[in-house]
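Below is one structure, written out as structure tokens, with a few remarks after it.
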């Protein structure tokens, strides 16, 4: 029962504390209202005047069985490596450059209104037509004020302006203190040694644009690339080969156009590489067909002439058997020779230190199934791509470029060693076939002369014809591959214009403002309460002592301390009457009550309480004696207009008698003994 009682007391105390805390906060309701209002106002202004940032996304499926890898015979690269490589390509300098080249981003248009600068993308009231063969100031802000539908004012000022050659895509000097300020008609060219352009009104022009603060600037190629390389590319999950590409910026339509163009160029890049492989194959085969065609025509004519002159059309049965065996061997030899020529061509190409590795004819297009060689060629192509990306931002002497050159040289040497081994193996195979052909020559020599001569001519013709047919077949396969090439990868979701900006988050900002509007006043009140050494509420005393409290007195704002005599109907006088009543109740049955008023420091109200408490008893008809024991700073005599020449101190040293130190106060029934 005792435990239950304690629990109830604790719960009651906690509920009282919470209630007390609530009322403590409620007393400062105006502080909360002001803090919430100010916080919400700041959030509103922040949301209104902060430039919004949008995020646009697109998703691309990266297929594992890439067509380029199938052609190269690569089957050992895992999907994760392939995915990382494709992410690197999507964020590469070269692909970004291709994308920027396909978009009209050279000129940026802006409108300034209500302290916010907004980009006008595809909705500017005017268009800048600049001469790309003439130098232009890059990244200089030109302010445009449309005066009418035929005239405008242009202003620009910069301490230093870099000049840019858009045709060469490179800087072309600088000019100090660039200034322009003039009225110009739309369609009229503005020209100086540092710029040359004109402005035309567009279909977006409306009368509302007159007098507005508009501007434009010319962007150099490199700054555009740097601005749009901040792509965030990551797989949608660990197991998927679908990547999400996102980009943040101030204009969602511009971001959408960029991402859609980027993915378009990315897919076209894959088709372009495969088409280049087919073109290289066709070019190599065409060069071989030129020689084979001449030989075929010559042997065909010679065969026809021999048949006519010797009146013989075909070989006899025995010769035909030997001929078929010989033809099969020579076809094998011819194919080995063509492949050897391919290897020789590849060897010469690599030894000449050419950097466009995509001009190489891949082995599989020539019917050569060599996964290792195909993998090495593909790896070399990737290294050259990485090297080209590095050179966009650095020089040949950059340590990264030098390291890449070392890796390229290593792969090249490995390919050349591999080619030498293959050529050596091919030479062994050709020598073996030559030996078998030589053994057949003895059988041919036993044939009749006419059959032997016909055999030799028809043998050369069939060999050239078979080789010609083989090359035509490979050429046809390459042409079909070129015509049927499709992108390796696939756009799953094209980029679309976003709705709400990702920054600032208006709802979240208002919520944060509301929370701060509550938390800051609460924190201030609690901190102030914690640091305050004064007793604010009666309950604070009741928590730490069991001594009964007879009452409390509000602060006195009047000049005189003797409030109960001067203002007997005041709130302070009522407080002292309540204390008098409580004291009488506590001392009921006792006669000649003595009340001590004391504290541990000066300035706490001892004099004020004692004189008013004495007065309230005297006014009630009680004979009262007030004794002042403040020997250091006596003040009671001042409040009653009496003297302090004699008092307790003089009585204690026997200089005054008791009758001498008692003074009659202006208040009836009240006598006073001063400190003296």
Given the conditions (1) assigned to a loop (DSSP other than H, G, I, E, B); (2) within 30 Å of residue 535 (Cα to Cα); (3) free of Cβ contacts under 8 Å to residues at least 40 places away in the same chain; (4) touching a helix residue (DSSP H, G or I) at 6+ places or on another chain (Cβ under 7 Å), every one holds for residue 613 apart from (1)
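A quick yes/no check of all residues on (1) at pLDDT below 75; (2) assigned by TED's automatic domain parsing to the domain that holds residue 98; (3) surrounded by fewer than 15 Cβ atoms within 10 Å (Cβ to Cβ); (4) more than 24 Å from residue 286 (Cα to Cα):
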residue	(1), (2), (3), (4)
349	yes, no, no, no
354	yes, no, yes, no
376	no, no, no, yes
383	no, no, no, yes
389	yes, no, no, yes
396	yes, no, yes, yes
409	no, no, yes, yes
Can you list residue pairs whose Cβ atoms sit under 9 Å apart, with the first residue in the range 639-660 being in contact (Cβ under 8 Å) with a residue 60 or more places away in the chain and the second being outside any loop (DSSP other than H, G, I, E, B) and surrounded by 12 or more Cβ atoms within 10 Å (Cβ to Cβ)? Count only pairs 6 or more apart in sequence or on different chains.
639/607; 639/608; 639/611; 640/611; 640/626; 640/663; 640/670; 640/672
Please go through the range 532-554 and pick out each residue that is exposed (fewer than 11 other Cβ atoms within 10 Å of the Cβ) and more than 60 Å from the chain's Cα centre (by Cα).
545, 546, 547, 548, 554
Scan the range 567-583 and give yes if some residue there is in contact (Cβ under 8 Å) with a residue 24 or more places away in the chain, within 20 Å of residue 627 (Cα to Cα) and outside any helix (DSSP H, G or I), otherwise no.
no
Unique match (being closer than 30 Å to residue 240 by Cα, modelled with pLDDT under 85 and surrounded by fewer than 17 Cβ atoms within 10 Å (Cβ to Cβ)) among 65, 17:
65
Subset of the range 664-674 [touching a helix residue (DSSP H, G or I) at 6+ places or on another chain (Cβ under 8 Å) and either free of Cβ contacts under 8 Å to residues at least 12 places away in the same chain or assigned to a strand (DSSP E or B) (or both)]
670, 672, 673
Go through the range 175-192 and give me each residue that's surrounded by 14 or more Cβ atoms within 10 Å (Cβ to Cβ) and in a strand (DSSP E or B).
175, 178, 180, 184, 190
Among the listed residues 122, 204, identify the single one that is part of a loop (DSSP other than H, G, I, E, B) and in contact with a helix residue (DSSP H, G or I) (Cβ under 8 Å, 6 or more places away or on another chain).
122
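The values are calculated or read from the model by the stated rules, or taken from the named source; none is laboratory data. Here the structure is a predicted model, which means the values were calculated and not measured. Glycine also receives a Cβ, built like all others from the backbone with ideal geometry; neighbour counts cover every protein chain displayed.
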